[in-house]
Amino acid sequence: MDSRAGRLPLADTVTNADSNQIRFPKVRDMMLARGKPITRWSAQDLGLDPADLEPTARAAEIDELFVPDRTSSCQFIDGEDGAEKARKLVQKLRELKLL
Amino acid sequence: MAFALTGSGPLPQSTYELLGGARAVADAAGGQVHLAVLGAGVAGKIGDLAAHGADRILVVDSEHLAVYHPDAYLAAARAAAEASGADVLLLPGDTRGRDLAPRLGYHLRAGIVTDCVALEASPDGLRFVKPVYGGKAMARITVRTDLKVAVMRQRSLDPRAPDPSRRAEVLNVEAAIDPSTFRTQVVDHISEETTGIRLEDAPVVVSGGRGLGGPEPFKQLEELARLLGGAVGASRAAVDAGWVPPSCQVGQTGKVIGPDLYLAIGISGASQHLAGITGAKTIVAINKDEQAPIFGVAHIGVVADYREVLPHLLEEVRAARA
């Protein structure tokens, strides 16, 4: 792991690692939030060409969405007891050259 | 052109996977396969790349590339891309590749597709396939820009069997890498305790879930993983319960893996977990509940309490290895 320093402006991504703690708002903060200003920007305000925001301007396009054929036929291993099941499992894995 | 982001270490396994995928496309649709190797002390590492499918190898060798730094690798990647003239740039789906791809795409004005699992050569051009909706569906994607950047999920492409008769030309590429222009710098390097093989690289993963009931049974999983030459994984339930470190987590918010063999022990198979193993070639599930969703995706299933099966499984594998 690295710790880094950088010059501003800086963009940072935050992961869901458990060392990152969620900060919970206090009730007072939630009430004060109501009065806080929300700035709204249009494409024009940001100097963006509306044509660049059209679906036709997308660099990548989804041609097709499909559900793959998951022929999930699970082979169940039978046995009198755990020992036999384990033995058969190992045998099966050997057959499949996974062991 | 495929990229090998090597730093100062050996070539990552992904290099051969990318070469295999690129070779398959080139053989089907025509075109050459280039490989850009970015790192420090690269010369000795490129020997078997021609055999694995490269037609041309572009080497960017610089001490500034000894450790991954986005600004350094961006400069190197751009130099290689320009020297190559390739219109499709393939990057590995490891943290370096995923970090570099958007930067490269932006600077080259190339459309990018991330987390791809397949490349399809068609008469209309190259198409990229990636899992969406947590792996429940797949999307087939066309990139409209002339230059395309694709990040390939690890272990989704197959390396070619090496052909020692193949030859490749080697080109040394100069890249202007100026550390004074870097916008970030590493202040501290904290070495993590990583014992054994990384989860994403492991050909075998032995994974435990809530059904294990506590941290103790994971010791058996560790032994089994070691005997099989693999790594230990876990479901979110086991990680949240504190039985294993978060680095073991397999799933939507954990690691997405594609081992040859995945053993799911005491894992019910919630969809978020399954999203992490769509790439697994063979899934074996041991669970005492025959209705557990894991059996819907497993190739081999054992309906049993793991406590009855695992000790014997360990014995059998120990004996087989002896």
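Coordinate-derived values only; no laboratory data. Not measured: the values here are computed from a predicted model. In this analysis, Cβ positions are derived from the backbone assuming ideal geometry, glycine residues included, and neighbour counts consider all displayed protein chains.
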Practice task
Kindly flag which residue pairs out of A:Lys92/B:Lys219; B:Lys148/B:Lys281; A:Lys97/B:Lys281; A:Lys88/B:Lys288; B:Lys136/B:Lys219; A:Lys92/B:Lys136 have an alpha-carbon separation exceeding 21 Å in this structure.
Solution key: A:Lys92/B:Lys219; B:Lys148/B:Lys281; B:Lys136/B:Lys219; A:Lys92/B:Lys136
Handout entry: Taking chain B and dividing mean pair separation by its residue count, relative contact order in percent (alpha carbons under 8 Å, at least six apart)
Key = 14
Practice task
Quantify how strongly other chains surround peptide B:125-134 by giving the mean number of their Cβ atoms within 10 Å of each of its Cβ atoms.
Solution key: 1
Exercise for the section: Please tell me the relative contact order of region B:2-181 in percent, rounded to the nearest whole number, where contacts are Cα pairs under 8 Å and at least six residues apart. Expected result: 29
Exercise for the section: Starting from 0 in steps of 10 Å, tell me what percent of the Cα-Cα pairs of region B:199-321 lands in each bin. Expected result: 15, 52, 31, 1
Exercise for the section: Calculate for the protein assembly as shown the 222 nm mean residue ellipticity that helices alone would give, adding -39,500 (n - 2.57) per DSSP H run of length 4 or more and normalising by residue count, nearest 500 deg cm²/dmol. Expected result: -7500 deg cm²/dmol
Handout entry: Estimated D of region B:119-253 in µm² per second, where Rh is the Kirkwood radius over Cα pairs and Stokes-Einstein applies at 37 °C, 0.692 mPa s
Key = 166
Completion exercise
Scoring only Lys, Arg, Asp and Glu (+1, +1, -1, -1) among other residues with Cβ under 13 Å from the Cβ of B:Pro217 yields -2
Completion exercise
So, with points 7 Å from each Cα along the Cβ direction, the B:Thr253-A:Leu10 label distance in nm works out to 2.6
Problem - Peptide A:82-95, shielding by other chains (average Cβ, 10 Å cutoff) - result: 6
Handout entry: Summed side-chain charge close to B:Thr278 - residues other than B:Thr278 whose Cβ falls under 15 Å, Lys, Arg +1, Asp, Glu -1
Key = +3
Handout entry: For region A:25-84, alpha-carbon Rg and Dmax in angstrom
Key = 27.9, 73
Problem - With 20 Å bins from 0: P(r) over the protein assembly as shown, alpha-carbon pairs, percent - result: 23, 51, 25, 2
Practice task
Compute the FRET efficiency between A:Asp45 and B:Gln272 as 1/(1 + (r/R0)^6), taking r as their Cβ-Cβ distance and R0 = 30 Å, and round to the nearest 0.05.
Solution key: 0.20
Fill in the blank from the handout: Taking Cα atoms, the helix B:70-84 axis meets the longest principal axis of chain B at an angle in degrees (rounded to 10) of 60
Exercise for the section: Compute the long axis of helix B:306-321 from its Cα atoms, compare it with the longest principal axis of the Cα atoms of chain B, and write down the angle in degrees, 0 to 90, nearest 10. Expected result: 60
Handout entry: Inverse of mean 1/r across different Cα pairs in chain B, Kirkwood, Å
Key = 21.1
Problem - 12 Å beta-carbon shell around B:Gly31, net charge (K/R +1, D/E -1) - result: -1
Problem - Cα-centre dipole for chain A with unit charges at Cβ (Lys and Arg positive, Asp and Glu negative), debye to 20 - result: 700
Practice task
Report, in debye and to the nearest 20, how large the dipole of the protein assembly as shown comes out about its Cα centre when Lys and Arg carry +1 and Asp and Glu carry -1 on their Cβ.
Solution key: 620
Exercise for the section: Considering the options B:Leu261, B:Ala241, B:Ala231, tell which one lies farthest towards the positive end of the dipole of region B:166-313, charges being +1 on Lys and Arg and -1 on Asp and Glu at the Cβ, about the Cα centre. Expected result: B:Leu261
Practice task
Based on other C-beta atoms within 10 Å, arrange B:Ser8, A:Ser19 from fewest to most.
Solution key: A:Ser19, B:Ser8
Exercise for the section: Compute the long axis of helix B:13-29 from its Cα atoms, compare it with the longest principal axis of the Cα atoms of chain B, and write down the angle in degrees, 0 to 90, nearest 10. Expected result: 60
Exercise for the section: Count the DSSP beta bridges whose two residues both fall in the protein assembly as shown, then state the antiparallel fraction as a percent rounded to the nearest 5. Expected result: 30
Completion exercise
The aspartates and glutamates whose Cα lies under 19 Å from the Cα of A:Lys26, excluding any fewer than 8 residues away in the same chain, are none
Handout entry: Overall form of region B:2-181 per C-alpha gyration tensor (a/c, 1.5; a/b vs b/c)
Key = oblate
Fill in the blank from the handout: B:Gln32 and B:Glu290 label points (each 7 Å along its Cα→Cβ direction) are spaced in nm at 6.1
